[in-house]
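Below: the structure, in structure tokens.
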Amino acid sequence: MMARCRCAVSIDDYPGRAPMFEDEITMRTRVLPFGLAVSSVALAMTLALLVPAPQEGVASILLLAAVVVSTWFAGRWPGLVAAGLAGLSIAWLLLLRTDPGGRGPNDWVQLGVFVLVTSAMNALAAGRDREAGVLRRSRDDLEHRVEVRTSELHDANEALQAGAEVRMRAEQALSQVAAIEASTEDAVLTMSLDGKIVSCNPGAERLYGYTTAELVGRSIAVLLPRHSSVMLPRILERVSRGESIAPFESVRLRTNGTRVQMLLTISPIKDATGGVRGVCALVRDITRRKQAETKIAIYQQQLRCLASALSFAEQRERRRIASELHGHLAQMLIVSRIKLRMLQSTFVSESAPQPMEEIRHLLDKSIEYTRTLIWDLCPPMLHEVGLEAALEWLAEQMQERHGIDVRFEDDEQLKPSDENIRVLLFQAVHELLMNVIKHASASQAIVAVRKYEEQIEIRVEDNGAGFDPEGARARIGQDGGFGLFSLRERLDTIGGSFAIRSNPGSGSQATLRAPLLQGAGAATRKGALHSHPDPVGR
């Protein structure tokens, strides 16, 4: 058989020369069997010629043996070659006889027997080759199945290893989540879609006062006040649709019945396919924070009231000082000027009145400065005529003193307001205009007053350099200034508001609003002014 002819050289010993070795092995497996057949017949013929006569019988036996050996070890086709050569050799021996009469029927019978035996051997070899082919195909099929099964086992092993790694990472993640849940102060509860508690962490035990065994299996409604339980079905319905509930504040009950203010975040628990399998609730106790916020709000309100009281006290003191200056100092200066004029009229000498004229000029300047000081402290017009007239006078004064074009606008509607509010708004507009003059580098400003619903609205606008309001708010107190912040707080205290819009390079616009007196009529300001002439007499 061809498979029995093996080569002593292994392909694995020379991996780089594998193609060449394969060609050599293929050639040897094809040539060597035929070489074995030819060599066997040649050896048998040589031995037959060396044996004394009769050579035909010995040659037949030897050649038959050569054919058998070639057929058995080399295969069917080398066996046929050996049989052909052996038959030719026997015929050649018969033809070599010198005595033609010596070739009898036995010789031909012997030749026929030889042919029959070689034919039988060839048939046996053919059957063996068929069996060998079947075995070879079975072996190849078995090797293919083993290879496929090995590949499947390898893939399965890799899948198992990958699954083991995923499971290990999942277990690590679960252990980390469990550690976080155990260490956090917040309560973490998991529930089924019908609101039954499935698990809870130690934070929930501390927060509610229940043990895990007491909570698991019960409805989450046991932790809710009665008036809050109506929200539960709607929340569970939304979560079952995959929605997350934004954090919201609520009230919960402890085992002793005390209420706890809490911040809740509720979200769905989804599986790998995205289906909702449960509900997770994260609960944080904000009772202390709410108490602190309440205290801060109370303190802030108290500070606003204190600031407002201080502001109103300052305005009252300003008015008192202005009244004292107007009622005493100004009057004494005016009387002194009158008496000086009377004294001047008694002199007949031309040289005597010169020093008196200088004194009179100083008295005039003192009177003017006193009047200006009185108006800066508390304009009498603000209390006697109204806010609009005082703001119009303020616009004229800013234009005269600082050279900036300040235009005043009014909707001519009557806007009655409390005296303290009028003083606060006047001082606020004055402060805003001073900021425009100092920081904005503006050439024009507008002060517009109008009635807005049940409020008075004042808009101060300029065409100056502008600024960043957010940046200014962040720098409150850093440069020692609290002007805008203080103004906003004072307006908030009286129920008003303050807003400012500005951008660098595009000017600024500040809007102040304050409540009006309730039940005021709709008369115009002109009608009101006609019944209140200017009492200052400047």
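The values are calculated or read from the model by the stated rules, or taken from the named source; none is laboratory data. As the structure is a computational prediction, the values presented were derived from the model and not from experiment. Heads up, the Cβs are rebuilt from the backbone with ideal geometry, glycines too, and the neighbour counts pull from every protein chain shown.
Observations, loosely collected:
- Looking at Val69, Val58, just one residue is surrounded by 15 or more Cβ atoms within 10 Å (Cβ to Cβ), modelled with pLDDT of 65 or more and closer than 18 Å to Ala126 by Cα, and that residue is Val69.
- Sole residue being modelled with pLDDT of 80 or more, assigned to a helix (DSSP H, G or I) and surrounded by 14 or more Cβ atoms within 10 Å (Cβ to Cβ), chosen from Ile321, Ile338: Ile321
- Residues that are within 20 Å of Ala448 (Cβ to Cβ) and out of contact with any Asp or Glu (no Cβ under 6 Å at 6 or more places or on another chain) were ranked within the stretch 504-519; the one that is modelled with the lowest pLDDT is Ser506.
- Within the stretch 445-468, residues that are polar (S, T, N, Q) reach partners that are assigned to a strand (DSSP E or B) with beta carbons closer than 7 Å, at six or more positions or on different chains, in the pairs Gln455/Arg513; Gln455/Ala514; Gln455/Pro515; Asn463/Gln444.
- Residue within the stretch 369-391 that is within 29 Å of Gly505 (Cα to Cα) and touching a strand residue (DSSP E or B) at 6+ places or on another chain (Cβ under 9 Å) present: yes
- Each residue in the stretch 262-318 was checked for being of a type in the set (Lys, Arg), more than 30 Å from Glu243 (Cβ to Cβ) and free of Cβ contacts under 8 Å to residues at least 60 places away in the same chain, and 3 pass.
- Scan of the stretch 289-304 for residues that are at pLDDT below 85 and of a type in the set (Lys, Arg), ordered by number: Arg304
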